[in-house]
1. For the range 364-398, what are the residues that are under 25 Å from the mean Cα position of the chain (by Cα) and under 16 Å from residue 426 (Cβ atoms)?
2. Please verify whether the range 275-282 includes one or more residues that are touching a helix residue (DSSP H, G or I) at 6+ places or on another chain (Cβ under 6 Å), closer than 16 Å to residue 146 by Cα and outside any helix (DSSP H, G or I).
3. Could you list, in sequence order, all residues of the range 413-439 that are in a helix (DSSP H, G or I), hydroxyl-bearing (Ser, Thr, Tyr) and in contact with a helix residue (DSSP H, G or I) (Cβ under 8 Å, 6 or more places away or on another chain)?
4. Name the residues in the range 81-102 that are in a helix (DSSP H, G or I), modelled with pLDDT under 80 and within 21 Å of the chain's Cα centre (by Cα), would you?
5. Which one is farthest from residue 419 (Cα to Cα) among residues in the range 352-367 that are of a type in the set (Val, Ile, Thr) and outside any loop (DSSP other than H, G, I, E, B)?
6. For the range 213-240, give me each residue that is over 16 Å from residue 167 (Cα atoms) and part of a strand (DSSP E or B).
7. Give 401, 378 a once-over and let me know the one that is touching a residue at least 40 places away in the same chain (Cβ under 8 Å), surrounded by 18 or more Cβ atoms within 10 Å (Cβ to Cβ) and not in a helix (DSSP H, G or I).
Amino acid sequence: MATSISFVGLTCFLLSLCLVCSLKEGYAFEELRESYAESYLTHTFEVSSLFASSICNHSTKANERESTFRVVDKYGPCYQPNQHRSVVSPSLTEIIRSDRARIYSIHARLSKNSGRRDHIVEPNSLSIPVKDGRAFRTTNYLVTVGLGTPKKDLSLVLDTGSDLTWTQCQPCTKCYKQTEPLFNRTQSSTYVNVSKTDPVCAYAKRPGTVPPGADTLCFYRIAYGDGSISLGFFSKETLTMSAAEKINSFLFGCGTDNTGEFDLEAGILGLNQENASIVFQTAQKYNKIFSYCLPSSASSTGHLTFGSQTPAPANIIYTKLVAQKSPSYGLDLIGIGLGGTKLNISESIFTTPGTIIDSGTVFTYLPPVAYTTFRDAFRVAMSAYPRITGPSADIDTCYDFSKNTSVTVPVISFFFKDGTVVGMPGKSSLITYNSTLSCLGFSEYDDDDDESIIGNLVQRTVEVVYDVAGQRIGFAPNGCT
């Protein structure tokens, strides 16, 4: 049975025609100035579609574009190293723990004067929190890039929260185990160390001290929310995107001392709004425009594309970026809705702390008041299905769909200050761990002072277009299948 969403269009409502419209394999994307009509938008899908298969289903849309990387889930069959070994996905509790570590880092970075005791200050960098968690043993999405001459393929985490792209390098003082061979800088004809006196060295977050005998070279040091660290040479190298697309003298971190809870991946591809990110390094070529589509499951592929697309994605709508949240990507969220109806939550709950969208956080996090209202409304909408106890207090709304062949879930709507309303398919509101455990992929913060985060789970199958030069973000349905 094909995925489908039926709704009464707003235009139909305004004209009092009461016509019923439907979108096959889609959902509502309307740019509205008023609230939705009183119709209830739902998303019906087969329960079997919640689970990944053992075979990789490739999205064809990535093949139609230049400057494109294929995006895969690192725990699924589309990640080639997994074809030769068994891989255990993290539990829901581990995902939440990892998310918490990440969002503490995000909030520390966004807050200039947090004053919290659980923060330490790194030399020449911003505050980094020390919290329990596994920052990379979660549902992270990988892209394979070519580095060096001759090029070596490396799988990096797509991360809108990071600036510096880095990978582990030989010769290595301390490196964690990864699936692909370490990048050997001595075997590349295009590798160049950045001098300490080079102006671009200022892009690196430098350690307080450098290794003995390396006083003339530029070093970087990155610390993450769980205490994981990457340290090494700040360098230049050729980055290969495709046979026709190469970036010469690309600045990256060549990590020779890497410790922490890293797993499988060879490093990070930084996509935020700082000078060292690939977005800013390729600004002249791609005009600070990139987009991605995260796959619907671990057995599907998505894509990461740089530059504007012609034609533009179908049915795309844009909302403004909030400059004050830079280097993260801030949005002017003022409300959230279910089934097309905006919930009765004060706009200040969202606008006072603000909101960001993030590719590395799995769940979507809301302030306590907003989350409780949203969760309770979701439970009412899902009252036809048996609710079960979740694996932890942070995951408190779970269902057993094992006796159902299909499920109908309300569409999730995000309401923005400029009048834009973006509808996400109800399926993307669920995180499924096994045949008897599917949970709401939303959670709450400890207090109302923290920014909301729109995580990657709810973004699945949507083409998210980051027009940094134009200070806007676009959303288009059916970006990948």
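The values are calculated or read from the model by the stated rules, or taken from the named source; none is laboratory data. Because the structure is a prediction, the values reported are computed rather than measured. Here the Cβ is made from the backbone with ideal geometry for all residues, glycine too, and neighbour counts use every protein chain on show.
1. Result: 364, 374, 375, 378, 397, 398.
2. The initial filter retains those residues of the range 275-282 that are touching a helix residue (DSSP H, G or I) at 6+ places or on another chain (Cβ under 6 Å), namely 275-276.
Next cut, closer than 16 Å to residue 146 by Cα only: none.
Checked against the condition, which is being touching a helix residue (DSSP H, G or I) at 6+ places or on another chain (Cβ under 6 Å), closer than 16 Å to residue 146 by Cα and outside any helix (DSSP H, G or I), the range 275-282 yields no hits at all.
3. Just the residues of the range 413-439 that are in a helix (DSSP H, G or I), to begin with: 426-429.
Keeping just the survivors that are hydroxyl-bearing (Ser, Thr, Tyr) gives 428-429.
Correct list: 429 only.
4. Across the range 81-102, the qualifying residue is only 101.
5. Applying the filter and picking the extreme gives 364.
6. Selection gives 217 alone.
7. Just one listed residue meets the conditions, 401.
Table: residues versus (1) surrounded by fewer than 24 Cβ atoms within 10 Å (Cβ to Cβ); (2) assigned to a strand (DSSP E or B).
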| residue | (1), (2) |
| --- | --- |
| 337 | yes, yes |
| 345 | yes, no |
| 350 | no, no |
| 369 | yes, no |
| 373 | yes, no |
